[in-house]
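The values are calculated or read from the model by the stated rules, or taken from the named source; none is laboratory data. Predicted, not measured: the structure shown is a model, and the values here were computed from it. Don't worry about glycine lacking a Cβ; one is built from the backbone with ideal geometry, like all the others, and counts go over all protein chains shown.
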Amino acid sequence: MRIQVMDDYEQLSYWAARVVLSQVTLQSNSVLGLATGSTPEGMYQRLVDMYQQGKVDFSDVTTFALDEYLGLSPDHPQSYQYYLYNKFFNHINLPPENINLPPGDTTDPEMACQNYEQAIASAGGIDLQVVGIGVNGHIGFNEPATSLNTNTHIVDLAEETIQTNSRFFDNIDEVPRQAITMGMGSIMGAKRIVMLANGKNKAAAVRDSFSGKVTTEVPASFLQLHREFILLLDKEAASML
Ligand code: GLP
């Protein structure tokens with residue numbers, strides 16, 4: 001595990017974009033696993049800037065989104081699909097056929113999970129996975145529990161996650177109660193993983209994940225076991241380490 005502490009969110013976003021840039025530069029047909037949420041917004045903006053400046057080419061890249069709310073249509077402004085198109089895909093030269101998203105509007109969630117897992121395997125696995133962290137230590141939507149799922153699966157969101165994510169919705173009743181997420185095995189199977197965390201409200205989750213024991217009650221703690229894991233923090237998120 002390599003930990004890098006940045007001065008602020010701007011620097012964090014820049015360095016996160018540099019990690020993606022170097023991955024795609026070294027291997028043009030990279031398979032990227034992509035997180036959403038407020039944390040990586042700056043990274044996507046930087047990557048779009050780098051693309052517009054001719055510094056990176058996504059024409060041979062394949063992407064897999066990490067997770068999606070269940071029951072939101074793809075054009076819902078809070079769906080992760082909408083987010084990724086809006087903040088990233090619409091502004092770069094990633095071929096549409098190379099974009100993979102867990103279908104939040106599926107009528108057969110079990111089959112959708114199997115298909116997604118199969119698609120990741122067929123693509124040869126993920127080369128670089130970008131993740132954020134929930135305030136309760138979740139990654140993707142792998143919530144704290146007594147056991148964790150390996151593969152892409154349907155999950156009931158934790159009360160804390162529903163509360164935290166309600167800031168994106170008009171009211172808390174609109175927050176979906178379930179999601180489809182890559183599992184711990186899907187994430188840990190990536191060749192490289194980079195986590196981004198910023199702000200004081202992530203400090204306790206970062207401490208519990210990376211200065212403590214590996215436990216299913218803090219899913220992000222499993223990343224300590226990954227051979228090529230980079231943790232990019234701003235000073236506030238690192239303040240309790
Ligand atoms: C959400 C997403 C995660 C994300 C996390 C943090 O619930 N499922 O993939 O990493 O919460 O979000 P944010 O970056 O907005 O704090």
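Scan the range 168-184 for residues that are surrounded by 14 or more Cβ atoms within 10 Å (Cβ to Cβ) and either in contact with a Ser or Thr (Cβ under 7 Å, 6 or more places away or on another chain) or in a strand (DSSP E or B) (or both) and the total you get is 8.
When the residues of the range 125-141 are filtered to those that are assigned to a loop (DSSP other than H, G, I, E, B) and away from the ligand (no atom under 11 Å from the Cβ), which remaining residue is surrounded by the fewest Cβ atoms within 10 Å (Cβ to Cβ)?
Here is the first cut: in the range 125-141, the ones assigned to a loop (DSSP other than H, G, I, E, B) are 125-127, 132-138, 140-141.
Still in the list and also away from the ligand (no atom under 11 Å from the Cβ): 125-127.
On the way: Gly125: 15, Ile126: 25, Asp127: 20.
Selected residue: Gly125.
Output the residue which, of all residues in the range 185-213 that are among the aliphatic types (A, V, I, L, M) and under 15 Å from the mean Cα position of the chain (by Cα), is surrounded by the fewest Cβ atoms within 10 Å (Cβ to Cβ).
Restricting attention to the range 185-213, the residues satisfying the condition of being among the aliphatic types (A, V, I, L, M) are 187-188, 190, 193-197, 203-206.
Cutting the leftovers down to under 15 Å from the mean Cα position of the chain (by Cα) gives us 187-188, 190, 193-197.
Working: Ile187: 24, Met188: 17, Ala190: 24, Ile193: 23, Val194: 25, Met195: 27, Leu196: 28, Ala197: 24.
Ranking the candidates gives Met188 first.
When the residues of the range 48-76 are filtered to those that are of a type in the set (Gly, Ala, Ser) and over 17 Å from the mean Cα position of the chain (by Cα), the one that is surrounded by the most Cβ atoms within 10 Å (Cβ to Cβ) is Gly71. Count, please, the residues in the range 107-156 that happen to be at pLDDT 95 or above, closer than 20 Å to His226 by Cβ and among the aliphatic types (A, V, I, L, M). Residues flagged as at pLDDT 95 or above, closer than 20 Å to His226 by Cβ and among the aliphatic types (A, V, I, L, M) within the range 107-156 amount to 9.
Looking at Tyr44, is it among the hydroxyl-bearing types (Ser, Thr, Tyr), surrounded by fewer than 20 Cβ atoms within 10 Å (Cβ to Cβ) and either in contact with a Pro (Cβ under 8 Å, 6 or more places away or on another chain) or touching a residue at least 24 places away in the same chain (Cβ under 8 Å) (or both)? Quick ask: steps written out before the conclusion?
Values: among the hydroxyl-bearing types (Ser, Thr, Tyr): yes; surrounded by fewer than 20 Cβ atoms within 10 Å (Cβ to Cβ): no; either in contact with a Pro (Cβ under 8 Å, 6 or more places away or on another chain) or touching a residue at least 24 places away in the same chain (Cβ under 8 Å) (or both): yes.
Taking the combined requirement at face value, the residue does not satisfy it.
So which residues in the range 185-206 are outside any helix (DSSP H, G or I) and under 12 Å from Gln129 (Cβ atoms), if there are any at all? Scanning the range 185-206 gives Gly189, Ala190, Lys191, Arg192, Ile193, Val194, Met195, Leu196.
Among the residues of the range 91-113, how many are free of Cβ contacts under 8 Å to residues at least 40 places away in the same chain and more than 17 Å from Gly33 (Cα to Cα)? Talk me through it step by step, then tell me what you get.
Within the range 91-113, the first condition is being free of Cβ contacts under 8 Å to residues at least 40 places away in the same chain, and the residues that meet it are 94-101, 105, 107-108, 111.
From what's left, more than 17 Å from Gly33 (Cα to Cα): 105, 107-108, 111.
So the answer is 4.
The residue of the range 142-159 that is farthest from the chain's Cα centre (by Cα), among those that are within 15 Å of Pro109 (Cα to Cα) and within 14 Å of the ligand (Cβ to nearest atom), is Asp156. For the range 1-24, which positions are under 11 Å from Leu196 (Cβ atoms) and either small (Gly, Ala, Ser) or surrounded by fewer than 14 Cβ atoms within 10 Å (Cβ to Cβ) (or both)? Passing the criteria: Ser13, Ala16, Ala17.
Listed here are the residues, each with its yes/no results for (1) charged (D, E, K, R); (2) part of a loop (DSSP other than H, G, I, E, B); (3) more than 10 Å from the ligand (Cβ to nearest atom); (4) farther than 26 Å from Ser13 by Cβ.
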| site | (1), (2), (3), (4) |
| --- | --- |
| Thr161 | no, no, no, no |
| Ser166 | no, no, yes, no |
| Asp208 | yes, no, yes, no |
| Phe222 | no, no, yes, no |
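The strands (runs of 3 or more DSSP E) located wholly in the range 1-112 that include 1 or more residues which are touching a Gly at 6+ places or on another chain (Cβ under 9 Å) and among the polar types (S, T, N, Q) occupy 62-65.
I'm checking my understanding of the structure. Among residues of the range 25-41 that are within 16 Å of the chain's Cα centre (by Cα) and among the aliphatic types (A, V, I, L, M), which one is surrounded by the most Cβ atoms within 10 Å (Cβ to Cβ)? Out of the qualifying residues, it is Leu34.
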